Amino acid sequence: MDTSTTPAGAEIGTPRDTWGSKFAFVLAAAGSAIGLGNIWGFPTVAGQNGGAAFLVVYLIAVAFIGAPVMLAELIIGRRTQRNPVGAFKALAPGSAWVVVGGLGVLTGVVILSFYTVIAGWTLAYVIKAITGAFTAGVDTEAMFTGVAGAALPAIGWHLVFMIITIAVVLGGVRDGIERWTKILMPALFVILLLLVARAVTLPGAGTGLEFYFKPDFSKITTTVVLAAIGQAFFSLSLGMGAMITYGSYISRKDDLVSSAAWVTGFDTMIAIMAGLIIFPTLFSAGLEPGTGGPGMVFVVLTSLLSTIPPAPWGGIVFGTLFFLLLAIAALTSSVSLMEVASAWLIDERKMPRKKAALIIGGVAFVLGIPSALANGAVGWLSSVPGIGMDFLSFLFMLFGQYSLVIGALLISVFIAWIWGTHNADAEVRSNDGNFPLGGLWTFLIRYVCPVAIMAILGSLLWPYIAR
Ligand code: TRP
């Protein structure tokens, strides 16, 4: 099938560009899920929220909230074969539910705008690594400021990464997205294993492991729980319709439940490994967790990579490999962010794929400029007055956490109470008649997901309402 021209405005059930196989879908969805959220986001948020206590809440959130919402999005996607806006239009014609899809498209564009800023840093670090900058004693803080803290490199790398993302999205689903992921996932896994081995054997690594694995439950607050749920959605690419869009390319022959389980499992494993790399290294270097903002992970990682013998080759070989793989992992994620809004323009506005990708990429590039300038280049963006954090972290909180949590809440309410779990059930069973753990899923999506999310949002908002 010609993959560059996804049929515009396909009716429910008509064939459309599909993944080569279930394995290919799992890889591509894992490619969307696994990215900066795992290696940059997870350790950053975990460090700010108490380490081990956060990890415990995170794992519970993934299992009981993330996984069921993942399945819900895949069901909606495969049922409607549409982008999120078209999907809600198809399942609830003439209703306000289409707004959920619209919110998803908007959220995707905003996340894309700062995602490519961070991803741009990984490209800059590839160059640093190749040129031998990662050697013992190097000032890794100054190195980060050199990359992210000056306007020209920050915006330049953001632009470069956006152009690469556009190029992949132009290639269409199968050629563009599928091909990359097959090589990337195993390679990333191997290099992460090597870095874990290096990190946990550093002198003083034990304190880091304790911070990461020995929970102090008194640290669990509603803020921590919300951060964990938000991080779970971000990491699993949920709450804005990315998995609706990817699910729309799954063939009717394939099994949705095991697909959702594999993607969730892979993604969580990579995040846990990232923590195993960052926290031992951080404590070994005598740094404080929870400080350093978006740059922390980069500073810590380069300190680790700089210790790998023999100098300078250890730093060159492992540094280049690591940041290259991280850049590709980020690319398979940024592609999925761009694909949601592009699919919307292609399906709903009947736009050619090329034009759609260029428009979304252009908008996200401009929108990302303040985030690119927020890490040292422009003072007030680096610590927004009245907000107490840098602009990039602020956008990450608003769109990378809150908006996804609200989106996921609405998606679960929709599938459980509006469209109906009997319809979802029929869609899951449409391949071989089975729905393993169907009863559990129905319970979680009907009661646990909406109630837990509403309780958390409510308790955060309550002080403002009651005032
Ligand atoms: N999950 C990706 C990561 O962890 C980021 C991402 C891609 C995403 N698509 C998404 C986040 C959709 C939220 C929604 O890096």
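Among Ser251, Gly362, Val100, which residue has its Cα furthest toward the positive end of the charge dipole of the chain, with +1 on Lys/Arg Cβ and -1 on Asp/Glu Cβ?
Ser251
I want to check the label-to-label distance for Ala92 and Ile359. Put each point 7 Å from Cα in the C-beta direction and report it in nm to one decimal.
With each label point 7 Å from Cα toward Cβ, the separation is 2.5 nm.
Normalised by the residues of the chain, what does the relative contact order come to in percent, with Cα pairs under 8 Å and at least six apart? Each step should come with its number before you reach the end.
On the way: 823 pairs, mean separation 155.1, N = 467.
Once normalised by length, the contact order is 33 percent.
For segment 22-461, would you read off the P(r) tail past 27 Å as a percentage of all alpha carbon pairs? Provide the component values of the computation, followed by the final result.
Working: 47544 of 96580 pairs.
Value for segment 22-461: 49 percent of Cα pairs lie more than 27 Å apart.
Report, in whole Å, the centroid distance computed from the Cα atoms of segment 127-146 and segment 280-339.
11
Percent of Cα-Cα pairs more than 21 Å apart in segment 110-258, please.
Roughly 67 percent, once rounded to a whole number.
Keeping every protein chain in place, order Trp313, Trp19 by accessible area at 1.4 Å, biggest value first, i.e. largest first. Intermediate values should be presented prior to the final figure.
Details: Trp313 155, Trp19 10 Å².
My answer, sorted largest first, is Trp313, Trp19.
Helix 353-372 versus the longest principal axis of the chain: what is the Cα-based angle in degrees, 0 to 90, to the nearest 10?
40
Tabulate in residue order the Karplus-calculated ³J(HN,Hα) for segment 197-205, using 6.51 cos²θ - 1.76 cosθ + 1.60 with θ = phi - 60°, rounded to whole Hz; enter x for Gly and Pro.
4, 5, 5, 6, 9, 5, x, x, 5
For segment 333-432, which trypsin sites (Lys or Arg not before Pro) are both in a DSSP coil and crowded by at most 14 other Cβ atoms within 10 Å?
Values: sites: Arg349, Lys350, Arg353, Lys354, Lys355, Arg429; in loops: Arg349, Lys350, Arg429.
The qualifying sites are Arg349, Lys350, Arg429.
Based on alpha-carbon atoms only, what is the radius of gyration of segment 352-467 relative to the globular estimate 2.2 N^0.38 Å?
Numbers: Rg = 20.5 Å, N = 116, 2.2 N^0.38 = 13.4 Å.
Rounded to two decimals, the normalised Rg is 1.53.
Could you tell me how many degrees, from 0 to 90 and to the nearest 10, lie between the Cα long axis of helix 151-170 and the main elongation axis, the longest principal axis, of the Cα atoms of the chain?
Rounded to the nearest ten degrees, it is 30.
For segment 168-250, what is the per residue volume of the convex hull drawn over the alpha-carbon atoms, in cubic angstrom?
Details: hull volume 11.9 nm³, N = 83.
Taking the convex hull of the Cα positions in segment 168-250, it is 144 Å³ per residue.
Cα axis of helix 449-466 to longest principal axis of the chain: angle in degrees, 0 to 90, nearest 10?
70
Which of Lys89/Lys253; Lys22/Lys128; Lys128/Lys214; Lys89/Lys350 have a Cα-Cα distance over 27 Å?
Numbers: Lys89/Lys253 25 Å; Lys22/Lys128 38 Å; Lys128/Lys214 35 Å; Lys89/Lys350 16 Å.
Check vs 27 Å cut-off fails for Lys22/Lys128; Lys128/Lys214.
Specify the inter-centroid distance of segment 215-258 and segment 425-459, based on alpha-carbon positions, in whole Å.
Using only Cα atoms, the two centres lie 13 Å from each other.
With runs of 4+ DSSP H residues as the only contributors, calculate the mean residue ellipticity of the chain at 222 nm using -39,500 (n - 2.57) per run, divided by the residue total and rounded to the nearest 500. Each step should come with its number before you reach the end.
Working: 22 runs with 311 residues, N = 467.
My calculation for the chain gives -21500 deg cm²/dmol from helical runs alone.
Going by average Cβ neighbours within 10 Å, how do the peptides 360-368, 190-198, 241-249, 144-152 rank, with the highest at the top? Kindly include the intermediate steps, with their values, before the conclusion.
On the way: 360-368: 20.2, 190-198: 16.0, 241-249: 29.7, 144-152: 17.7.
Order by mean packing, descending: 241-249, 360-368, 144-152, 190-198.
Peptides 251-260, 369-378, 265-274: what's the order by average Cβ count within 10 Å, highest mean first?
Values: 251-260: 18.1, 369-378: 22.6, 265-274: 20.7.
Final packing ranking: 369-378, 265-274, 251-260.
May I ask you to evaluate 6.51 cos²θ - 1.76 cosθ + 1.60, the Karplus curve with θ = phi - 60°, for each residue of segment 387-395 and list the ³J(HN,Hα) values in order in whole Hz, giving x for glycine and proline?
Calculated HN-Hα couplings, in order: 10, x, 8, 6, 4, 5, 4, 5, 4 Hz.
If a paramagnetic tag sat 7 Å from the Cα of Leu460 along the Cα-Cβ line, which residues of segment 396-417 would have the backbone N under 18 Å from that point?
Label zone hits: 396-413.
What is the distance, in nm, between label points placed 7 Å from the Cα along the Cα-to-Cβ direction at Ala187 and at Asp425?
That separation, rounded to one decimal, is 4.6 nm.
Using alpha-carbon pairs under 8 Å, 6+ residues apart, how would you state the relative contact order of segment 253-385 in percent? Kindly include the intermediate steps, with their values, before the conclusion.
Working: 54 pairs, mean separation 13.4, N = 133.
Normalised by residue count, the contact order of segment 253-385 is 10 percent.
What is the ratio of the Cα radius of gyration of segment 215-259 to 2.2 N^0.38 Å, where N is its residue count, to two decimals? Please report the intermediate quantities before stating the final value.
Numbers: Rg = 15.7 Å, N = 45, 2.2 N^0.38 = 9.3 Å.
Against the empirical 2.2 N^0.38 Å value, I get 1.68 for segment 215-259.
Determine the relative contact order of segment 333-458: mean sequence separation of Cα pairs under 8 Å and six or more apart, normalised by residue count, in whole percent. Present the calculation step by step, with values, prior to reporting the outcome.
Numbers: 74 pairs, mean separation 17.4, N = 126.
This gives 14 percent for segment 333-458.
The values are calculated or read from the model by the stated rules, or taken from the named source; none is laboratory data. Because the structure is a prediction, the values reported are computed rather than measured. Don't worry about glycine lacking a Cβ; one is built from the backbone with ideal geometry, like all the others, and counts go over all protein chains shown. Surface accessibility is based on the protein's heavy atoms, side chains included, excluding ligands, DNA and RNA. Shrake-Rupley method; radii C 1.70, N 1.55, O 1.52, S 1.80 Å.
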